[in-house]
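Data first, discussion second: the structure below is written as structure tokens.
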Amino acid sequence: MKILLLHSDFIKYELVRKEIDLAEESDVKEESLKDLAVLFTCIEAGDHDETVSRAAEEVKETLNNLKVDRVLVYPYAHLSGNLAKPAEALKLIRLLAERIRALGFEVHRAPFGWNKSFSISVKGHPLAEQYMSITPAKEEGAEEKVPEALKAEEKQESKWFILDLDGRLIPVEKFDFTGHENLRKFADYEIRKSRVVDMVPPHVELMRRLEIADYEPGSDPGNLRWYPKGALIKSLLEEYVTDKVIEYGAMKVETPVMYDFEHPSLSRYLNRFPARQYIVKSDDKEFFLRFSACFGQFLMAHDAQISYRNLPLRMYELTKYSFRREKRGELVGLRRLRAFTMPDCHALCSDLEQAKEELLRRFRLSKQILTDGLELDEEDFELAIRFTRDFYEKNGDFVRRLVKEMGKPALIEEWEDRIFYFTLKWEFNFIDNLGKASALSTDQIDVENAERYGITYVDKDGEKRYPLILHCSPSGAIERGIYSILEKAYKKQMKGGVPSLPLWLSPTQVRLIPVSDEYLDYTEKLADQIEAEKIRVDIDDRELTVQRRVYEAEHEWVNYIVVVGGREKASGVLKVRDRVNRRIIELTVQELIEEVRSKVKDKPFKPLPLPRRLSARPRFFG
RNA sequence: GCCCCGGUGGCUCAGUGGGUAGAGCGGCAGCCUCGUAAGCUGUUGGUCGCGGGUUCAAAUCCCGCCCGGGGCUCCA
């Protein structure tokens, strides 16, 4: 509870309008009082009867000193950023007035819940203005575990720049964003200019309509359910990213999802990471659910025998899941979750030179995964680089090198001091249809954790040394990858294009529609032929008109739609509706197979996640 | 976390000066056997998010909670 006490000659206030439903009724619209103490009062979350009693006592003491016997309790929200709920606040403010009255004072109260105007004349003596803060007595264990880094982040001041291709570091407000609209949106988002959008994010509607994923009311918010089509898309992406990271040279490992809160290295690291955790109790121990693969991999590296010859040492894990208890209001669809799938790749490096070289390789790897795998265009994502001033002063060339690799200007955030465990961090950020930015790929140079976890390698001279650790998620969370694919598709649709999924991720790549039952057998044979070439093909055998089935295939974003009837059976030539290019082309089965194979190339393949015949499929949504 | 908006059949939504719930789509049944973006008819289906309160009577009013969306300026 906060109270600003003003010893006043007079106060006059007027009710303007009700601010909340709970506002107190009042017959008097205007009130003025003389020779009194005005108590601007605000009730904070956690205040209770006992807080009120102590406040009343403190007020009494002050009033006695001032020799005042008249007070006005004036509800005033602005004294705190941590307000109690209105109903509770009203209750306690009434109670406060009663308590003060019970101590023998004349108590007036300004109605709660109104926007009011007031004029006040405050006496000039030294004790006329007093501020009181009454905090509730601590209840055992009531305090939430908030990491130090979270608190630090709120205090940290950042400087924002754009680093252009010529290596100029330009303060954001002076940069000409012409031709860099996406970067402007990104900068606006990061520096938190207010946005006025009021719609359900497009990808949320799509993820449900396309039966990819959905909210699961039976779980904690931000923990989703994945329908067969979504599970397919997700596991294809997982496989793709994993293959790419192994190709780059990482060793794939697996580590537990929960860790002991009391483990010395872990508890210190927790305090350096800006996220809240899920807590799991088992017997009398507390565990937290991992929010990345760091713990498992670091503990593994701690116990390993590592020579400088083994560096850079690359370890990879697909964390399914990583858990972060994000604030309730932050959760949205596939963009921000509490349980998500994150590829996490660490690299132990001997020194900064090796780290920079490695970072560059991973930068290229990440870019390839976004453009080749997610099929994002380079205009779809923006580069952000964040570093401490000191790092930039010593490694400016390297930072400029990253921007050159990107091929367009990047947003820069500079910190005066190092509050996190890293000195440099870069990200690729996707900007969605509501102007919101989300980090996809990212990498960091960690200068703290090797020491914290006791991770060492032996150098040429036989000396134990601490390596630098890079933390990279080459794609970002898999869910977020799907979010960006869907948002991109919607963006395309808004520009008059055909929304679609990358062909290799499409649950149905080819749909066959027999004109009648008569051709079902023939259609099945075609499907067998196509399926044998690792193409997901299905058959819409439902008793609907051809037109209707084509309509639904379009709606489902099926890439190739083939109507099968007598003409096809006779000639062997298929009329293939190429949805993305809005045309109908004539192809033999073999040519159709080649068309699809030439586009998916060597991407991972998994079979159709549903019965081949649509008549045998349930509907999960809609 | 706080504020605002929303939650009615599987989906999209209508229905609030309190009087016992509707439509379209889907599902099911039937007709139609169909040639590239919604064929026709019938029928099924609802603890009106959950809990409490007010009332003779609550989807509707009040309180709390849960879930979704948006915002974090304002607000005692």
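The values are calculated or read from the model by the stated rules, or taken from the named source; none is laboratory data. Bear in mind that the values here come from a model prediction, so they are computed numbers and not experimental data. Neighbour counts are summed over all protein chains in view; Cβ atoms, including those assigned to glycine, are modelled from backbone coordinates with ideal geometry. What goes into the accessible areas is simple: the full protein's heavy atoms, side chains included, and nothing from ligands, DNA or RNA. Shrake-Rupley method; radii C 1.70, N 1.55, O 1.52, S 1.80 Å.
Remark: pairs (first residue in the stretch A:571-586, free of Cβ contacts under 8 Å to residues at least 40 places away in the same chain; second residue surrounded by 15 or more Cβ atoms within 10 Å (Cβ to Cβ) and in a loop (DSSP other than H, G, I, E, B); Cβ separation under 8 Å; 6+ apart in sequence or on different chains) = A:ASP578/A:ASN559.
Suppose we filter A:ARG268, A:ARG276 for residues that are within 25 Å of A:GLY481 (Cβ to Cβ) and at pLDDT below 85; which single one remains?
Values: A:ARG268 fails: within 25 Å of A:GLY481 (Cβ to Cβ).
Only one candidate qualifies: A:ARG276.
Strands (runs of 3 or more DSSP E) fully within the stretch A:11-123 that include at least 2 residues being at pLDDT below 85 and either of a type in the set (Asp, Glu) or open to solvent by less than 20 Å² (accessible area, probe 1.4 Å) (or both): A:30-42.
May I ask you to verify whether A:GLU531 is of a type in the set (D, E, K, R), over 21 Å from A:PRO499 (Cβ atoms) and open to solvent by 80 Å² or more (accessible area, probe 1.4 Å)? Yes: the conditions hold for A:GLU531.
Open to solvent by less than 70 Å² (accessible area, probe 1.4 Å) and either assigned to a helix (DSSP H, G or I) or not assigned by TED's automatic domain parsing to the domain that holds A:GLU247 (or both), is that true of A:ILE584? Write out each step before concluding.
Details: open to solvent by less than 70 Å² (accessible area, probe 1.4 Å): no; either assigned to a helix (DSSP H, G or I) or not assigned by TED's automatic domain parsing to the domain that holds A:GLU247 (or both): yes.
When the stated conditions are applied, A:ILE584 does not pass them.
Among residues that are away from RNA strand B (no atom under 12 Å from the Cβ) and either in contact with a helix residue (DSSP H, G or I) (Cβ under 6 Å, 6 or more places away or on another chain) or under 24 Å from A:VAL498 (Cβ atoms) (or both), A:ILE513 is not included. Scanning the stretch A:160-178 for residues that are under 16 Å from A:MET406 (Cα atoms) and out of contact with any strand residue (DSSP E or B) (no Cβ under 8 Å at 6 or more places or on another chain) yields A:LEU165, A:ASP166, A:GLY167, A:ARG168. Looking at the stretch A:551-574, which of its residues are part of a strand (DSSP E or B) and either surrounded by 15 or more Cβ atoms within 10 Å (Cβ to Cβ) or in contact with a Gly (Cβ under 9 Å, 6 or more places away or on another chain) (or both)? If the condition is that a residue be part of a strand (DSSP E or B) and either surrounded by 15 or more Cβ atoms within 10 Å (Cβ to Cβ) or in contact with a Gly (Cβ under 9 Å, 6 or more places away or on another chain) (or both), then A:TYR560, A:ILE561, A:VAL562, A:VAL563, A:VAL564, A:LEU574 are the ones that fit. Restricted to strands (runs of 3 or more DSSP E) entirely inside the stretch A:334-428, those with at least 1 residues that are at pLDDT below 95 and within 21 Å of A:GLU157 (Cα to Cα) are A:381-388, A:410-415.
Taken over the stretch A:449-495, the criterion of being within 29 Å of A:ASP214 (Cβ to Cβ) and in a loop (DSSP other than H, G, I, E, B) is satisfied by A:PRO474, A:SER475, A:GLY476, A:ALA477, A:LYS495. Evaluation of A:HIS203 against the conditions (1) modelled with pLDDT of 90 or more; (2) open to solvent by 60 Å² or more (accessible area, probe 1.4 Å) shows that the sole unmet condition is (2). The single residue among A:ARG542, A:ARG548, A:ARG577 that is in a helix (DSSP H, G or I), within 15 Å of RNA strand B (Cβ to nearest atom) and of a type outside the set (Phe, Trp, Tyr) turns out to be A:ARG548. For the stretch A:196-226, the set of residues classified as farther than 18 Å from A:SER500 by Cβ and away from RNA strand B (no atom under 12 Å from the Cβ) consists of A:TRP226 only.
If you scan the stretch A:453-494, which residues turn out to be of a type in the set (S, T, N, Q) and touching a residue at least 40 places away in the same chain (Cβ under 8 Å)? Even if it seems obvious, please write down each step before you answer.
Step one: list which residues in the stretch A:453-494 are of a type in the set (S, T, N, Q), which gives A:456, A:473, A:475, A:484, A:493.
Selection gives A:THR456, A:SER473, A:SER475, A:SER484.
Scanning the stretch A:378-398 for residues that are over 18 Å from A:LYS425 (Cβ atoms) and either open to solvent by less than 20 Å² (accessible area, probe 1.4 Å) or touching a residue at least 40 places away in the same chain (Cβ under 8 Å) (or both) gives A:GLU379, A:ASP380.
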